[in-house]
1. Identify the residue in segment 174-203 that is closer than 19 Å to residue 469 by Cα and in contact with a strand residue (DSSP E or B) (Cβ under 9 Å, 6 or more places away or on another chain) and, among all such residues, is modelled with the lowest pLDDT.
2. So which residues in segment 272-316 are under 28 Å from residue 457 (Cα atoms), modelled with pLDDT under 80 and among the small types (Gly, Ala, Ser), if there are any at all?
3. Anything in segment 433-446 that is without any contact (Cβ under 8 Å) to a residue 60 or more places away in the chain and assigned to a loop (DSSP other than H, G, I, E, B)? List them, or say none.
4. Would you pick out the residues in segment 391-432 that are more than 26 Å from the chain's Cα centre (by Cα) and either charged (D, E, K, R) or not in a helix (DSSP H, G or I) (or both)?
5. Being among the hydrophobic types (A, V, I, L, M, F, W, C) and part of a loop (DSSP other than H, G, I, E, B) is the filter; apply it to segment 216-235 and report the residue that is modelled with the highest pLDDT.
6. For residue 171, only one of the following conditions fails: (1) farther than 29 Å from residue 211 by Cα; (2) at pLDDT 85 or above; (3) not small (Gly, Ala, Ser). What is its number?
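The values are calculated or read from the model by the stated rules, or taken from the named source; none is laboratory data. Being a predicted model, the structure only gives us computed values, none of them experimental. Please note: Cβ atoms are built from the backbone with ideal geometry, for glycine as well, and neighbour counts cover all protein chains shown.
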Amino acid sequence: MIWSPITAKRILWSPMIAIFSPPPPLFSAAASSPASPTRKWRKWAPPAVPVIPEDVVIEILARVPDPTSLFRCAAACRRWLRLIADQAFLLRRWPPGTRVPSLLGFFAQRHQIQANARRKLTKLFPTRAPPLVAAPSRAVGTGRRRLFLTDFVRNAAGAGLFDQAKPLVARGGLLLVRVLPSPSPAPQNALHLCVCNLVTGNHDVLPPLPMDCFEKDGARGYAILTAADHRVSRNPSGGYNTFFQVLLLSIHHGNHQVYLHRFSSAAASAAAAAAIFEISWSTPRNCSEQIRGYVWGPSGNRVAAVSHGAAHWLFSWGVESLYTLDVSIDTDNIGATNIPIDPPPTVFHQSWLYVSVDERLSLLYLCDNKLHIWTKLETQEGGRFLWNCTQSICVGVKMGLFGTESLSTVCIGEESGTMLTLYLSDPNSAYVLDLPSGSITSVDDWKRWFNYMTAVSFEINWHSFFLTRLGDYWYT
């Protein structure tokens, strides 16, 4: 799909711009008769074409092929805006449980060598913020114009807040990034994070987290939770633009301790209401009671798989077995669950835990370019949940490094059911693997100056996007 260089591209992709310009007034000065100043308005000419009934218009709009064109239709006139922003129409277009193409691209940090070598801003890189690598078949720029994180967030480009920012995790339109501290006031020995709402364009800078509780590897696990992940209703308050919760894992391998760090915008708002001026993270929670022996992990994906009110990280006990560290979202409960499968020990670090498109906790690993997927079942045996191998297919791409290297997983897009992969011997080329079918597509927009270790999938829920950007505007 070719993107138009006019306002429709700005409407959809740049939250700094208004959703669309208001339609022209019903009567304008140009429509008045200059020869008759006493007559205020010119009489309307009879319509050349009869007005199309609304049910026919709805049928036409329901057949618009892609979300971008549909959004442009909503910007055409108020009548179409009202029809498209209707909840019944959006549910018809995107029924619950259906899989729709929602992968827009990947936010990735530039290589530090490249970033330092290119201190001067150029036409190709007009900012040092993380660029957006377009997914296959999606051109998310106008012409040769590349999009950056600052195109999605308001009032952040001038201050340089996102210069060399590192993307960590994205979920539900929220992106967690690590930012560099300001020169003098900010503590240097601290972790500085920021939550960006890519739909509304708002961002919230979190309180610094002291690095004393981390080893040299820093945070080893991440999770960002939205209001939709909680079983109770959550609304933004206390100066935060939206409700969110951030979970971090730090591991001390010397004494086999795993610590959980939690920040909640709701807890921070409560502290502000109680006149507690020092708003900070919760006290680190020691999870070592749930860990037995020497731990390895999180294996594969550092981003938690969020399912059924809990965040799950994949760990291994040496080379014996895999298990999940389960952290409840709404409570302080922490547990560990064994996964009764035996993948080859050589692929432990390549095993990834994720939630499939049918919202089931799953585990995958790539071995010799063969994709294996195991899915957690609802049935139990001997007090343990059973896992079933639901997929084992060959990926349609040749082995790398003279036929000896298998693809490596970079990140997973759970809503779109996709996975970004590449060969470590050739990080200049990347591929998107469709998990349900096993088909693979090359990412043409991937360049050699992107650091694949920082890539994060950018997905969007079209139903929520249209409801947020159109519904609120129409009914206000």
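1. Going through segment 174-203, the residues closer than 19 Å to residue 469 by Cα turn out to be 174-175, 196-203.
Then drop every residue that is not in contact with a strand residue (DSSP E or B) (Cβ under 9 Å, 6 or more places away or on another chain), which leaves 174-175, 196-199, 202-203.
Details: 174: 92, 175: 93, 196: 91, 197: 89, 198: 87, 199: 82, 202: 86, 203: 88.
Selected residue: 199.
2. Selection gives 297, 299, 300, 316.
3. Taking segment 433-446 as the starting set, the residues that turn out to be without any contact (Cβ under 8 Å) to a residue 60 or more places away in the chain are 434, 437, 439-440.
Selection gives 437, 439.
4. Our first condition is that a residue be more than 26 Å from the chain's Cα centre (by Cα); within segment 391-432, this holds for 392-394, 396-406, 425.
Hits for segment 391-432 are 392, 393, 394, 396, 397, 398, 399, 404, 405, 406, 425.
5. Start the filter on segment 216-235 by keeping residues that are among the hydrophobic types (A, V, I, L, M, F, W, C), which leaves 219, 223-225, 227-228, 232.
With the extra rule that they be part of a loop (DSSP other than H, G, I, E, B), the set shrinks to 219, 232.
Values: 219: 81, 232: 55.
Checked segment 216-235; the qualifying residue modelled with the highest pLDDT is 219.
6. (1)
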